[in-house]
Amino acid sequence: MINFLKKSILFSAAIMFAACSASVRNQTISSDNTEVIAAEGRVFYNDRNINETREKAVYDAKLKAVRRVAELFADALYKAEGKYETFEKLVTEDPDFFIHKYKIKHEGQDRDSYVSQVNLYIYTEKIASAVRSAGLASSVKGPKAAIYIEETPEGTSFQKAFIAALSKDSIMTVELLDKSKIGDGSYDALTAASAEIGAEMFIKAKAKAYLFGGGIGTDFHPSGADGSVEVIQVPSGKRLSDISRQGSGSDSSKDGAMSKAMESLAALLSKDTAARVDPQLKSDPAIKLIFSGLSGIEQAETLKSDLLKMNFKYISLDSYANGRAVFSSITKTQDCQEIASMILRGESLGAQLGEVSGKEINFILY
C-alpha cells in the first residue's frame, strides 16, 4: 500500500512538472508559425521510475513528429543515396529545436509499455530549411537562359518588364548577365559568359523608345517603342529565333509615355520568345505546383503521396505554411494545361484550378 502511494505521488508530480515545462526553444516565434502534429510515444514501462518513463514516451513522440515532417520535405531518394545517417542525425540531434510546445492528450500504461499521445506544435519551415541545408532535398531547376539587354534610353522600364514577363511566360529560368563579364560584347564573349553560368540559351534583347512629336492638348504624350530579340543556343552558337516587334503607350508625362511603350513592347516580345523557344529546349521543364486552402500539414502529406503516383519525373515539397503548400516538379511535358488536367483528375485532391503561367500552376482546395 505504501509503495502504491509513493508511485501515485511520483506520477502526480510528473504530470505537474510536465505541464509547467513543455519544450520551447524560441519563445519569440508566434505559435501561428507552427503546425500541430499528433504523435504517439511508446516506451517500455518502468514502474520503478515513472517520471523517467513518462519523459521517454514524450521524447519518442517528439522524434516521431519531427521525423514525419522531415520525411515530407526530404527527397525520396535520400535513403538510396546513402544519406540515411544524415537524416537520422537531423531528427535526433535536437528535436526540441523544431518544437514550440506540446500538449499531452492521453497517457498511461498499456501492458508492458507506457504510451503518451501528444499534440506537438512544430516549426515546419525550420525543418524544411534544415533538410535543405543537410543536402536531403534536391535543388529543382529547369532550363536556364542568360539575358543581355540594350535599352534606349536607359531606365525606361523595358529591362525590368521583359525579365518579369519572360519569367512568367516561359519555362526558362532567366538571369541577367553581369556587364563586367561580357568582355567586348561580341557574340563569342556573350555566349562564353552564358555558358559560365550554366545557361542553355542566350537571349539578346534591344529596345528603343521614342515620342510621336509634341503633346496633343495639354497633358497627353503618345509614344512608341521598337525592339528585337535574338535567341542563341549555348554553347553551339546556333541561332534559334530572331523576333522584332513594336509597342506603344501614352501618358501625361514624356517619361511615363515611353515607359508604357516599353512595357507594351516587353509583353509582346516575351510571349513570342516563349512560344518559339520553349519547344526547342532540351532540359526537362521545372514547374511549381502551388496548393492553397489546405486544412493542415496532414493534407500536404496526402497531396505529396498522390502527386508521387502521377506522371512526374520528380516531385518535392519546398514549403508549407498557413495552408499553402509549394511543390517543385520535373515534368515530362511543357504543357501546363495538360499537367493541370492530370492533377485535377486525381480524385482525392478535390482541387480547382487557379492561375496558370509558363512554369507555375495554382490550385485551390475546397
Exactly one of 125, 150, 107, 85 is surrounded by fewer than 16 Cβ atoms within 10 Å (Cβ to Cβ) and more than 30 Å from residue 192 (Cβ to Cβ), and that one is 85
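Residue-wise test of (1) in the same structural domain as residue 58 (by TED's automatic domain parsing); (2) out of contact with any Lys or Arg (no Cβ under 6 Å at 6 or more places or on another chain); (3) among the hydroxyl-bearing types (Ser, Thr, Tyr); (4) closer than 30 Å to residue 64 by Cβ.
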{"residue": "91", "(1), (2), (3), (4)": "yes, no, no, yes"}
{"residue": "105", "(1), (2), (3), (4)": "yes, yes, no, yes"}
{"residue": "110", "(1), (2), (3), (4)": "yes, yes, no, yes"}
{"residue": "115", "(1), (2), (3), (4)": "yes, no, no, yes"}
{"residue": "119", "(1), (2), (3), (4)": "yes, no, no, yes"}
{"residue": "156", "(1), (2), (3), (4)": "no, yes, yes, no"}
{"residue": "182", "(1), (2), (3), (4)": "no, yes, no, no"}
Flagged in region 114-156 as among the polar types (S, T, N, Q), at pLDDT below 90 and over 30 Å from residue 37 (Cβ atoms), in numbering order, are 156
Condition first: closer than 22 Å to residue 157 by Cα, assigned to a strand (DSSP E or B) and aromatic (Phe, Trp, Tyr). Can you find one or more residues in region 220-236 that meet it?
no
For strands (runs of 3 or more DSSP E) lying entirely in region 258-345, having 2 or more residues that are crowded, with 20+ Cβ neighbours inside 10 Å and aliphatic (A, V, I, L, M) picks out 286-292, 312-321
Taking the condition closer than 23 Å to residue 109 by Cβ, assigned to a helix (DSSP H, G or I) and either modelled with pLDDT of 80 or more or polar (S, T, N, Q) (or both), does residue 58 pass?
yes
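The values are calculated or read from the model by the stated rules, or taken from the named source; none is laboratory data. None of the values given here were measured: they were computed from a predicted structure. Note: ideal-geometry Cβ built from the backbone for every residue, glycine included; neighbour counts use all protein chains shown.
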